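What follows is a single structure, written as structure tokens, with notes after it.
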Amino acid sequence: MRRLVSDTLVIAERNLVRLPRAPELLVAFTVQPIMFVLLFRYVFGGAIKSPGYSYADFLIPGIIVQNIAFGGFVTALGLNEDLHKGLIDRFRSLPMARPAVLAGRTLADVVTNSLSATILICTGLLIGFSFHTSFAEAIGGFGLLILFGYAFSWVFAFLGMLVSTPEAANSVGFIAVFPLTFISSAFVPVQSMPEVLRAFAEVNPFTITVDAMRSLWLGAPAHNNVWGAVVWAVAIIAVFAPLAVARYRRAAGQ
């Protein structure tokens, strides 16, 4: 266990050290989220009705959940690149804990997701968003965000090892996750959707997580959304972490 923790931290550090050397990756965690917030707030905000809230308040929980879910893209691309450039074979030859490669990747996503969420919250405060709940609830919401993002890091880890090129990993991840973020309550109330889409949106994990965030940050009725979001995150990890590990073992020839 001590070796696993130590090796996981080393791999996580290796992934984070790469970021300052790859400015295009930093853009994905800094400039791109700000751009999406400003576009939705000032281009679509006047056309979308958000009963009970200003659109800035309605938007920020949704767009942060979307952005956090896509934070695992770097893991998908990085793992795919490492596999096909032979770095995984190099890791196999070292006296290191085998699960550390995946664990370190997903742990690094926790750091980058925290940075991205913090930037989005600060941007939201500048455009009119404000918290309507206690400090403890706001921190709880931030923790839920990180858990949800961590769950999707395992989804992207699995997808990244399932395809043959980084470009394919990017496309497959986008196709798999992007529709879920829009068929949800992230950007519009689900009541405005056609009946079939609304039925799907109401059970969509993105809707449940976004509604949980609005409960923790805006004081919206909680219902079972907070616990439901935690259950969804844990269930996603429970399904995709073993799938990712099994795929990693097969891809690495273990």
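Of the residues contained in segment 91-105, one or more are found to be surrounded by fewer than 19 Cβ atoms within 10 Å (Cβ to Cβ) and either in contact with a Pro (Cβ under 8 Å, 6 or more places away or on another chain) or in a helix (DSSP H, G or I) (or both).
Just one of the listed residues (Val177, Val203, Val163) is in contact (Cβ under 8 Å) with a residue 24 or more places away in the chain and either of a type outside the set (A, V, I, L, M) or closer than 27 Å to Gly140 by Cβ (or both), namely Val177. Going through (1) surrounded by fewer than 20 Cβ atoms within 10 Å (Cβ to Cβ); (2) more than 16 Å from the chain's Cα centre (by Cα) one by one, Ser215 falls short only on (1). Filtering Ala22, Ala47 for residues that are modelled with pLDDT under 75, within 29 Å of Gly104 (Cα to Cα) and hydrophobic (A, V, I, L, M, F, W, C) leaves a single hit, Ala22. Only one of the listed residues (Leu38, Leu19, Leu77, Leu59) is touching a Leu at 6+ places or on another chain (Cβ under 8 Å) and either over 29 Å from Glu167 (Cβ atoms) or surrounded by fewer than 20 Cβ atoms within 10 Å (Cβ to Cβ) (or both). That residue is Leu19.
Considering Ala12, Ala28, the condition of being touching a Leu at 6+ places or on another chain (Cβ under 8 Å), in a helix (DSSP H, G or I) and either over 21 Å from Val155 (Cβ atoms) or among the hydrophobic types (A, V, I, L, M, F, W, C) (or both) is satisfied by Ala12 alone.
Here Arg105 fulfils each of the conditions (1) modelled with pLDDT under 80; (2) among the basic types (Lys, Arg); (3) under 22 Å from the mean Cα position of the chain (by Cα) apart from (1).
Taken as a whole, segment 127-138 holds no residue that is in a helix (DSSP H, G or I) and crowded, with 20+ Cβ neighbours inside 10 Å. When we screen Ile34, Ile48 for residues that are aliphatic (A, V, I, L, M), part of a loop (DSSP other than H, G, I, E, B) and over 22 Å from Arg250 (Cβ atoms), the only hit is Ile48. Of all residues assigned to segment 131-149, at least one qualifies as being over 29 Å from Phe44 (Cβ atoms), free of Cβ contacts under 8 Å to residues at least 60 places away in the same chain and among the aliphatic types (A, V, I, L, M).
Cβ-Cβ distances below 6 Å connect no pair with a first residue in segment 230-250 that is on the phi < 0 side of the Ramachandran plot and crowded, with 20+ Cβ neighbours inside 10 Å, a second residue that is among the hydroxyl-bearing types (Ser, Thr, Tyr) and assigned to a helix (DSSP H, G or I), and a separation of six or more residues or different chains.
The values are calculated or read from the model by the stated rules, or taken from the named source; none is laboratory data. Values in this document were obtained by computation on a predicted structure and should not be read as measured data. Here the Cβ is made from the backbone with ideal geometry for all residues, glycine too, and neighbour counts use every protein chain on show.
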